[in-house]
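The values are calculated or read from the model by the stated rules, or taken from the named source; none is laboratory data. Predicted model, so just to flag it, every value in this text is computed and none were measured. Backbone-built Cβ (ideal geometry, glycine too); neighbour counts: all protein chains shown. Each accessible area value is taken on the protein alone, full model and side chains, heavy atoms only, with ligands, DNA and RNA left out. Shrake-Rupley method; radii C 1.70, N 1.55, O 1.52, S 1.80 Å.
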Amino acid sequence: MEKTANQSLITDLFDNFAVAGPDYRICYIGDSFRKLFEKNNLIEKPEEDTKYILKSKILRESIDRLQEEGDTEFVEADENDIKCLIFSSGHPGGEVIIASDEKVSNISHIKHALQERVKELRCLFDVTVQLESSEPFNIVLSKLTKIIEDGFQYPDKTFVNIIIRDKKYGRTDWHQDSIRSVITSEIELGEGKKGKIYAYLQNDEGFLKEEKSLLDEISGKITRSIERNEKTKDLEKQRKILLAKNEALLRLTEECNQRRQKLRTFFRAITDKIVVIDKEYNIIMSNKDDIGESGKCYKKLFNLDSRCEECPAVETFTTASDQEAEKQMGRNFFMLNAYPIFNSKGDVDRVLEVCKDISDQKILEGQLIQSYKLASLGKLVAGVAHEINNPNTFILGNLKIVQESLKDIFPILDEVYKEKPDLKIARLNYEFFKENINVLVEDMLKGANRTKKIVGDLRNFAKKDEGTLEDTVDINHIIMNNLTITSKQIKKYADLKLDLEPNLPTFRGNINRLEQVLLNLTLNASEAIENGNGFIEIKTSHNKADDEIILTISDNGCGMSEEVVKNIFDPFFTTKRNRGGTGLGLSISYGIIKDHKGSIEVKSSPGEGTKFIIHIPVKSR
């Protein structure tokens, strides 16, 4: 009779208690309890949720305290004339049980019954958690058997097995003869197949009706989990089919992209800048990332705010024919070619424009013209040098005789001066004459020697010095030696800065002639500095890629106009005519560097200084 009464009491309790989680969310609530709470507005169900939430402030405060303390005790909470007993599950922050005071007739029976129900509810909760985990399903089923055993009234005497598709999960260390009671619940596997949950009890107390309900609830959860897994598998199959079709489409797309990429690669490999423009000069397509596919062509190509005056696209749009034009931007030169693109009606609605940088070509043309000039002047210079050299040789020889004669004459004149203090020579007092005549003769010798040097330079200009490039040249050594000659002159006008790369490779050349080049360029740089606060930098480096020595001489002097730069290497061209310039220094330097199979380049602008860049190959090309 006691067992039957307990069962009735427990059934009544299940209908009149609730389980609340830490966020006041109702995990379970009996029908009678739910109707009572809804009537007194103690719970609510948000539209987006499937579970009730406890609204009562008094009940919430009691729940918070019990969850914080984690103690198992009864707390009486009076709410709207409804008396409830609240006690925790024994875990801080865990679930809380809310039961109706009216239905409790024996507190000890209630406590025991509720503890059993808590076990069952925790069992259901843990089963749900396991079924929703990402672990393999066979591992989940093995864990469920232990969870179910712990949820029964006699866990030490209970054994649970789950059979799914002829595979058994759970303990096997029990003997069939010890079993006193068995309950089962079927699991739907789909396609008419079934599984089962078996619960075995080793005492004579027998299973409670609630334990059979618990087992049925768990089997339902497993069934729903299997259905979800089957649906997931079906979805996975559909996904694989779609993926296969998608891969086929991707392959076709990839083939198209590869062909398109090949064409684009060829397009981008062209070093010239290519753009396709419309009639408003908007860029539709280009082969360079820095240009892109938007903006005006004149802005992207030349950074201009309006259309180029010499734009060939204008004529192409009008005449539907190919056009060509040359454009200069500062020191750079460009060749523009425009080609028409016709639409379906035969009209030109787009133009393909090719922009080719021909600056290097212009430099080569200038160098070629320079070479023609030098060649044409060669014969003339040779004849002039010969005609000047003959009389200058006489002058030098005679001046040396005069200089030696003065040494012999002065002792005689000194004796005459003692006897005749008013002695005059060439209408000059003897003492003044004696003091200055040697200076005059020395100046004449210097002038004659300079004439001789100019004649020699003219000969060097007119005729290559064959067979003289036999020295082992260390360009840094030449620079340091040359500074002993030029440093005094340079320091009058500017500070000298050296940036010499160590361990430069040597090359075959003519040390004396290269010293002449360095002397010409450094003196020219010092004379270009007008305010006395300038600097001159001499820099050397080795370009390993081209295996060449690079010598750079730069200054912050007055600079040169573009017109001057064009003619700077012409023989007899000089901007220092009033200061004694002959116009041969740079033309001779140009020829010396050419003899060394190198090149010389100048960059200059008025007010921005000048830079000479010399390239000399380490190995003769």
Notebook entry, point to check: Are any residues in segment 144-156 crowded, with 18+ Cβ neighbours inside 10 Å and assigned to a helix (DSSP H, G or I), and if so, which ones?
Noted result: LEU144, THR145, ILE147, ILE148, GLU149, GLY151
Notebook entry, point to check: Considering only segment 180-195, how many residues are more than 60 Å from the chain's Cα centre (by Cα) and free of Cβ contacts under 8 Å to residues at least 12 places away in the same chain?
Noted result: 2
Note to self: Checking the conditions here, which among ILE553, ILE490, ILE549, ILE568 is at pLDDT below 80 and crowded, with 18+ Cβ neighbours inside 10 Å?
What the structure shows: ILE490
Margin query: I want to confirm something. Restricting to segment 250-284 and keeping residues that are touching a helix residue (DSSP H, G or I) at 6+ places or on another chain (Cβ under 9 Å) and among the charged types (D, E, K, R), which single residue is surrounded by the most Cβ atoms within 10 Å (Cβ to Cβ)?
Written below: LYS273
Notebook entry, point to check: Of all the residues that make up segment 516-575, how many are free of Cβ contacts under 8 Å to residues at least 24 places away in the same chain and of a type in the set (Phe, Trp, Tyr)?
Noted result: 2
Notebook entry, point to check: Which members of segment 493-515 meet the condition of being assigned to a helix (DSSP H, G or I) and open to solvent by less than 40 Å² (accessible area, probe 1.4 Å)?
Noted result: ARG513, LEU514
Item checked: In segment 22-73, the residues that are open to solvent by less than 60 Å² (accessible area, probe 1.4 Å) and touching a helix residue (DSSP H, G or I) at 6+ places or on another chain (Cβ under 9 Å) -> TYR24, ILE26, ILE29, GLY30, SER32, LEU42, ILE43, TYR52, LEU54, SER56
Notebook entry, point to check: Does LYS420 satisfy the condition of being basic (Lys, Arg) and either at positive phi or at pLDDT 85 or above (or both)?
Noted result: yes
Checklist line | Considering residues of segment 285-340 that are touching a Leu at 6+ places or on another chain (Cβ under 6 Å) and assigned to a helix (DSSP H, G or I) only, the residue least open to solvent (accessible area, probe 1.4 Å) | finding: PRO312
Check: Do we find a residue being assigned to a helix (DSSP H, G or I) and either open to solvent by less than 100 Å² (accessible area, probe 1.4 Å) or not β-branched (Val, Ile, Thr) (or both) anywhere in segment 197-209?
Finding: yes
Item checked: Filtered residues of segment 595-621 (kept if open to solvent by 70 Å² or more (accessible area, probe 1.4 Å), under 24 Å from LYS544 (Cβ atoms), outside any strand (DSSP E or B) and touching a residue at least 40 places away in the same chain (Cβ under 8 Å)) -> LYS619, SER620
Check: Given the structure, is LEU263 of a type in the set (A, V, I, L, M) and either within 25 Å of the chain's Cα centre (by Cα) or part of a helix (DSSP H, G or I) (or both)?
Finding: yes
Notebook entry, point to check: Checking ASN449 against (1) within 30 Å of HIS615 (Cβ to Cβ); (2) at pLDDT 80 or above, which test does it fail?
Noted result: (1)
Item checked: Output for segment 520-546, where each listed residue is open to solvent by 50 Å² or more (accessible area, probe 1.4 Å) and closer than 23 Å to LYS597 by Cβ -> LYS539, LYS544, ALA545, ASP546
Check: Counting just the residues of segment 216-243 that are of a type outside the set (D, E, K, R) and over 50 Å from the mean Cα position of the chain (by Cα), which one comes out surrounded by the fewest Cβ atoms within 10 Å (Cβ to Cβ)?
Finding: GLY220
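One line per residue, one yes/no per condition, for (1) modelled with pLDDT of 85 or more; (2) buried (at least 19 other Cβ atoms within 10 Å of the Cβ); (3) on the phi > 0 side of the Ramachandran plot; (4) not polar (S, T, N, Q):
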residue	(1), (2), (3), (4)
SER100	no, yes, no, no
ARG117	no, yes, no, yes
LEU121	no, yes, no, yes
PRO136	yes, no, no, yes
ARG180	yes, no, no, yes
Margin query: I'm told SER405 meets every condition in (1) among the polar types (S, T, N, Q); (2) at pLDDT 80 or above; (3) open to solvent by 50 Å² or more (accessible area, probe 1.4 Å) except one. Can you identify the failing condition by its number?
Written below: (3)
